[in-house]
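The values are calculated or read from the model by the stated rules, or taken from the named source; none is laboratory data. Keep in mind that what you see is a predicted model, and the values were worked out from it rather than measured. So basically every Cβ, Gly included, is an ideal-geometry build from the backbone, and we count neighbours across all protein chains shown.
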Amino acid sequence: MSNRHIIVILSLISVLSVAYAIGRDGGVIKGYQPIKDLNDPYVQGIVKFAVDTYNEDGNHIKLVKIDKGESQVVAGTNYRFTISANDTKHYLTIVYDRPWDHYRALTAFVAVPA
Ligand SMILES: *[C@@H]1O[C@H](CO)[C@@H](O)[C@H](O)[C@H]1NC(C)=O
């Protein structure tokens, strides 16, 4: 097999795997991807914002641990976390973050089963 054939086959494989990823996830743009580093200070700032905003509504919880974190790039980024709080509950929270104009909004903060 010539080098040229190998290049054609490799390109075909990469096109097919991208197509597979899009199909499986209902669109790369729409999908939530796991956040690799939950200790990243920027990520921690997003979670802190969620808890602080939730507490502004008369709640008094404290973050114990981030159980899970995912993000979705839109015109900005949606961050989705499940967290544990000191009231022994777990919460699902979504924060919309647009770093270029420092806009951040809490989209969801609800208690979920452990
Ligand atoms: C959780 O922490 C907050 C803030 O420190 C405190 O006001 C609240 O009483 C704590 N709740 C529990 C259940 O310990």
Practice task
Would you check if VAL51 is surrounded by 11 or more Cβ atoms within 10 Å (Cβ to Cβ), farther than 16 Å from LEU106 by Cα and over 13 Å from the mean Cα position of the chain (by Cα)?
Solution key: no
Problem - Residue list for segment 28-46, restricted to those being among the basic types (Lys, Arg) and modelled with pLDDT of 95 or more - result: LYS36
Completion exercise
Here the residues within segment 55-114 that are of a type in the set (Asp, Glu), closer than 16 Å to GLN44 by Cα and either without any contact (Cβ under 8 Å) to a residue 40 or more places away in the chain or within 16 Å of the ligand (Cβ to nearest atom) (or both) are ASP67, GLU70
